[in-house]
Amino acid sequence: MYKIQNHKVSENPLYRTHLDRDGYERMYRQSIEQPDMFWAEQANRFVEWMQPWSKVHESNMETGEAAWFIDAKLNVSVNCIDRHLKKRANQTAIIWEGDDPADSRHITYRQLHEEVCRLANVLKQRGVSKGDRVCIYMPMIPEAAFAMLACSRIGAIHSVVFGGFSPDALRDRIQNAECELVITADEGVRGGRRVPLKQNVDKALASCPDVHSVLVVRRTGADIGWVEQRDIWYHEACAQVSADCAPEPMDSEDPLFILYTSGSTGKPKGVLHTTGGYLVSTALTHHYVFDYQEGEVYWCTADVGWVTGHSYIVYGPLCNGATTLMFEGVPTYPDASRCWQVIDKHKVNVFYTAPTAIRALMALGEEPLKNSSRQSLRLLGSVGEPINPEVWEWYYQVVGQRRCPIVDTWWQTETGSILIAPLPGACDLKPGAAMRPLFGVVPALVDNDGNELEGPADGNLVIKQSWPSQIRTVYGDHQRLVETYFSTYKSVYFTGDGARRDADGDYWITGRVDDVLNISGHRIGTAEVESALVLNDWVAEAAVVGCPHDIKGQAIYAYVMPMQGVTLTEDILAQLKVAVSEQVGAFARPDYIQVTNGLPKTRSGKIMRRILRKIACDELDNLGDTSTLADPSVVDSLIENRLNRG
Ligand code: WTA
């Protein structure tokens, strides 16, 4: 058994942090006891307002309604750009590191202002105005950030769709959000390979008649299809408009963006975030969790297509006037030393990545680290999935040379910003633990009946009070918000995660307790994969579960039942995997497909996933009670034919 060693705050006596233990405890206490006073002070400190609020906050944990900084006005792009022009117009806002190590760009705050204003004017010219939805389907290039900020400048609501999603997945998201304009690039470039983004957009738009304009960034110069009137070159359009654009004053509760995420049932949900509370929370957490210091270079490796990219590449860091690095490539291209080379090249101080990336690099040994010094590094971060203690130690000892605290940050698309993390200088570090709630966050553990558990315990993680960057609604379906998050347990927000609280009161996230998979830090609903598997004439029924995977964290294990009279040949199984890539995206392709003539169902017809999960995980000694199954013999045949043997 791996022994967990605690790292004390005092191990870094020279490390100057924004807060020490007492400071954190004092602020946390105030944030809970006098939340309005606390948040008013923080909102004034981190954000510039055009008009003050009449009331700090109002919320209802039964209906999921929440409003923060009520009646206040602000503009996000002003906070992320204009506000910094007095002091840091010539400071780099965005460092872009291309897929090819020879490609990089520095964009100052002044240049960012011009780029964003021009694009905002182009959007206006194409008829986009406050409240309209714009889809952003982009590679990791600075124009992706310009696009998000340009929307916020004019009050349009962006919906960024990760560039790894298939045309069908893109179509569903464009339709659901009723987007009228799409911003994309001719192609993306990742790990030396091209991604046909514009071609995917063309396919998706075949069934999206409401999209009247497509703005195309020229990234590779590839030959692409062109629809006259509808398609416009980004650089040509931006060159023809003014470099100034007056910001739209937005209500604190006006929507800022929609971001689709997977749940345990049905199609992905459009998580809607609003303006004021989201910006205050992302700026505050970026400041304290990463202990961000003036002038530092900060690198978050996420893609802007996920919430981590929204909150911690774009909005939080830019609101704080930071220098944020955006990386187009992958950690193993051209070789496994890439991240360390980039850190030395740009003198990165804070590095924030996902356990899956660290595991992949750790598997390749220490050699790739040898030709980098990484002396600039001060702090390391982890996000997206639980980090195994061994991997934590490697990150700490080898990457950070025992010098850099690791912040293991727990949060979700729905929470908008980090809710649980060890604040550097204020918390001990325990490998694998997310540790302590941030300001204003009141976590609790409940059993399956909703009874709150006291002291050291294992349970379902819930949040008892509203926080500023809380999800406001599921776009177009508020009832789904209530059902998904506010109905499982009474009067609390249910996270879908399990957690343990140890004797010191520190939290350890144990993973999802619902049917959501986490593959390389990507959230995938089992229902999405299942519906892709049954969309043909071969498969009658499918059930998908996760099983452990050394690098990806989890792998996808699918059980499929053929239609009567059909034989599922190797060739058909390969086609089923392709079908999932087409319906969802390549990252959701099943690792295992087991053919079966029956699934373990209760007499009422409900699939017992617990059993399928155990078989997929090759954990056969403890299958639990199978006596309630309609046909218990199914289990023996499933076990006999299992694919993932230890
Ligand atoms: C998981 C990503 C353990 C968790 C920001 C959550 C984590 C889901 C951690 C949200 C962490 C995220 N430790 N698990 N530090 N961070 N998760 O919406 O299961 O893509 O519910 O947001 O990732 O994924 P999402």
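The values are calculated or read from the model by the stated rules, or taken from the named source; none is laboratory data. Bear in mind the structure is a predicted one, so any value in this text is a computation, not a measurement. In this analysis, Cβ positions are derived from the backbone assuming ideal geometry, glycine residues included, and neighbour counts consider all displayed protein chains. These accessible areas exclude ligands, DNA and RNA; they are computed on the full protein's heavy atoms, side chains included. Shrake-Rupley method; radii C 1.70, N 1.55, O 1.52, S 1.80 Å.
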Using a basic spin-label model with each label point 7 Å from the Cα along Cα→Cβ, how many nm lie between Val442 and Asp571? 6.3 nm
Please check which bits of the range 320-343 a label hung off Glu367 would reach, taking the label as a point 7 Å along Cα-to-C-beta and the cut-off as backbone N under 20 Å. 331-342
Using only the C-alpha atoms of the range 186-331, find the volume of their convex hull and express it per residue in Å³. 192 Å³
Length-normalised contact order of the chain, Cα under 8 Å, at least 6 apart, in percent, tallies to 14 percent
Protection proxy (average C-beta count within 10 Å per residue), highest first, orders 243-255, 316-328, 538-550 as 316-328, 538-550, 243-255
Rg over Rh of the range 497-586, using C-alpha atoms and the Kirkwood radius, what does it come to? 1.11
Can you tell me, using C-alpha contacts under 8 Å and at least 6 residues apart, the relative contact order of the range 218-312 as a whole percent? 17 percent
Zone residues, the range 56-70, relative to Ala40, backbone N less than 16 Å from point 7 Å out along Cα-to-Cβ: 56-58, 68-70
At 7 Å along the Cα-to-beta-carbon direction for both Asp344 and Val482, put a label point, then send me their distance in nm to one decimal. 5.9 nm
Sites Thr332 and Ile639 - FRET efficiency at Förster radius 30 Å, r taken between beta-carbons, to 0.05: 0.25
A correct Karplus calculation of ³J(HN,Hα) over the range 507-519, with 6.51 cos²θ - 1.76 cosθ + 1.60, θ = phi - 60°, whole Hz and x for Gly and Pro, returns 9, 10, 7, 9, x, 5, 9, 10, 8, 9, 9, 10, 9
How much of the accessible area of the chain, in percent, comes from carbon and sulfur atoms when a 1.4 Å probe is used? 48 percent
With +1 on each Lys and Arg Cβ and -1 on each Asp and Glu Cβ, how big is the dipole of the range 495-646 about its Cα centre, in debye rounded to the nearest 20? 200 debye
With unit charges on the beta carbon (Lys/Arg positive, Asp/Glu negative), name the residue among Phe290, Leu181, Pro431 whose Cα is farthest towards the positive pole of the charge dipole of the chain. Phe290
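State in Å² the accessible area per residue of the chain; use a 1.4 Å probe, count heavy atoms of protein chains only, and round to the nearest integer.
Values: 24550 Å² over 646 residues.
Each residue of the chain exposes 38 Å² on average to a 1.4 Å probe.
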Specify which residue in the list Ser637, Ile406, Ser166 is farthest towards the positive end of the charge dipole of the chain, using unit charges on the beta carbon of Lys, Arg (+1) and Asp, Glu (-1), about the Cα centre. Ile406
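Quick one: in the chain, what % of C-alpha pairs are over 40 Å apart? Let's see the in-between values first.
Details: 56160 of 208335 pairs.
The share of Cα pairs beyond 40 Å in the chain comes to 27 percent.
Let's see if you can work this out: charge +1 on each Lys and Arg Cβ, -1 on each Asp and Glu Cβ, no other charges. What is the dipole magnitude of the chain about its Cα centre, in debye to the nearest 20?
Working: 64 positive and 82 negative charges, 222 e Å.
Charge dipole, the chain, about its Cα centre: 1060 debye, nearest 20.
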Given R₀ = 30 Å, FRET efficiency for Leu535-Asp618 by Cβ-Cβ distance, to 0.05? 0.55
Starting from one equal scatterer on each C-alpha and no solvent at all, send me the Debye-based log10 I(q)/I(0) for the range 256-399 at q = 0.09, 0.10, 0.11, 0.19 Å⁻¹, two decimals. -0.30, -0.37, -0.45, -1.19
Suppose every Lys and Arg Cβ carries +1 and every Asp and Glu Cβ carries -1, with no other charges. What dipole size does the range 225-320 come out with about its Cα centre, to the nearest 20 debye? 480 debye
Please give the residues of the range 522-547, grouped as numeric ranges, whose backbone N is less than 16 Å from a label point set 7 Å along the Cα-to-Cβ vector of Asn597. 540-541
Give the calculated FRET efficiency between Lys267 and Ala206 to the nearest 0.05, with a Förster radius of 25 Å applied to their Cβ-Cβ distance. 0.85
Please tell me the relative contact order of the range 498-646 in percent, rounded to the nearest whole number, where contacts are Cα pairs under 8 Å and at least six residues apart. 18 percent
Determine the principal axes of the Cα atoms in the range 401-471, then give the extent along each, sorted from largest to smallest and rounded to whole angstroms. 45, 28, 18
Can you give the extra length, in nm with one decimal, that the chain gains between Ser604 and Ala243 once fully stretched, where that is 0.36 nm per residue apart less the Cα-Cα distance? 123.5 nm
Kirkwood Rh over Cα pairs of the range 143-224 into Stokes-Einstein at 37 °C, 0.692 mPa s: D in µm²/s? 249 µm²/s
Ellipticity estimate at 222 nm from DSSP helix runs (n ≥ 4, -39,500 (n - 2.57)) divided over the chain, nearest 500: -8000 deg cm²/dmol
